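Enquirer: Here it is: the structure, laid out below.
Read the figures in this text as sums done on the coordinates, not as results from a lab. Fair warning: this is a prediction, and the values are worked out from it, not measured in the lab. Cβ placement follows ideal geometry from the backbone for every residue including glycine, while neighbour counts extend to all protein chains displayed.
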Amino acid sequence: MSDRAGIEDCCQVFAESFETSNLPAMLAVERTVLGCDYGGTSWTTRRQAEQITDSLELGPGTRLLDIGAGSGWPGLWLADNGDCHVTLVDLPVNALVKARRRACRDGIGSSVDTVAGSGATLPFRDCSFGAINHSDVLCCLPEKRQMLRECRRVASDGASMLFSVIAISPRLLYADQRRAVETGPPFVEAPGDYADLLSEAGWRLVERKDVTAEYRKCLRVLVDALDGNIELCDALGPDVVSETRRHRLEQIAAVDAGLLCREIFVAAAG
Ligand SMILES: C[S@@+](CC[C@H](N)C(=O)[O-])C[C@H]1O[C@@H](n2cnc3c(N)ncnc32)[C@H](O)[C@@H]1O
């Protein structure tokens, strides 16, 4: 399949996933797994969101960009707790509509812009943002180099960027590499180490942190929360719940085999 067809499929899958992740039964699961209820589809926990606020030094006057923002996790939470303005960008419009509704419900509507667009061709002027976040987005699109370059273009001098990403562990045998690709997020294969991609795109690496253990813990809590979840089976059907649970168990096995990891990168512009 071409990248273009893959991207369109992926966008459709995400559009559907935000309908599911915002069902009341799924929001209850999300509260157990991540400690929030924004219909999130990344693995950013509430604790990690607090660390994003600190690392990006969010505060009144900061213009934050959250790319691949989905229905608002963690961008809306960051704007609310960091007392700053956020621009949420994503492709599925249904997710952005949910994010806007949530922002209005939370009384922060005037601090939030929602923009339909791609992280690989950001529809903003140069030097527009002082802080950028993206949670598990680079593993969901093929144009990783282009997105990091676009982030650098729209970042003002001295801006910070924080992102999390699920990646394939380095130096795997071919069969293990294929298993990681099949088990991980849709575009988990990267053209190089993220530290190198950052540097090529004009970013200076400030911090790199392995959060695979937290990711694994979330996967386990999710699998347990799906087990015999009657509300979810009523909403989605038992086959969907059981297939989702099987897929998450495969991911746990891949993490335990050392094939997949999750990392957080903090970088500075200039
Ligand atoms: C794992 S989800 C994370 C969503 C959200 N940040 C969260 O934590 O719930 C990855 C997101 O990347 C978005 N995405 C994929 N390709 C994109 C692109 N080219 N431009 C912007 N967002 C994209 C998807 O639509 C999806 O919302």
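Enquirer: Using 0.36 nm per residue, how much length does the chain from residue 83 to residue 221 gain when fully extended, once their Cα-Cα distance is taken away?
Expert: 46.6 nm
Enquirer: I've got another one for you. For region 107-217, taking Cα atoms only, what is the radius of gyration to one decimal and the Dmax to the nearest whole Å?
Expert: Cα-based Rg and Dmax for region 107-217 come out at 15.5, 51 Å.
Enquirer: Can you sort 247, 85, 134 by how many other beta carbons sit within 10 Å, fewest first?
Expert: 247, 85, 134
Enquirer: Which of the aspartates and glutamates could be linked to residue 98 by a straight reach, that is with a Cα gap under 17 Å, when you skip same-chain ones fewer than 8 residues away?
Expert: 16, 19, 30, 37, 66, 80, 90, 106, 113
Enquirer: Next up: Please work out whether region 26-115 counts as rounded, prolate or oblate from its C-alpha gyration tensor, where a ≥ b ≥ c are the square roots of the eigenvalues and a/c under 1.5 means rounded, while otherwise a/b larger than b/c means prolate and anything else oblate?
Expert: Here region 26-115 falls in the oblate category.
Enquirer: Sticking with this one: Setting aside same-chain residues fewer than 8 positions from residue 144, which lysines have a Cα under 22 Å from its Cα?
Expert: Within the straight-line cut-off, residue 144 pairs with 209.
Enquirer: Debye calculation, C-alpha points only, no solvent: report log10 I(q)/I(0) for the chain at q = 0.08, 0.17 Å⁻¹, in the same order as the q values.
Expert: Values, matching the q order: -0.30, -1.49.
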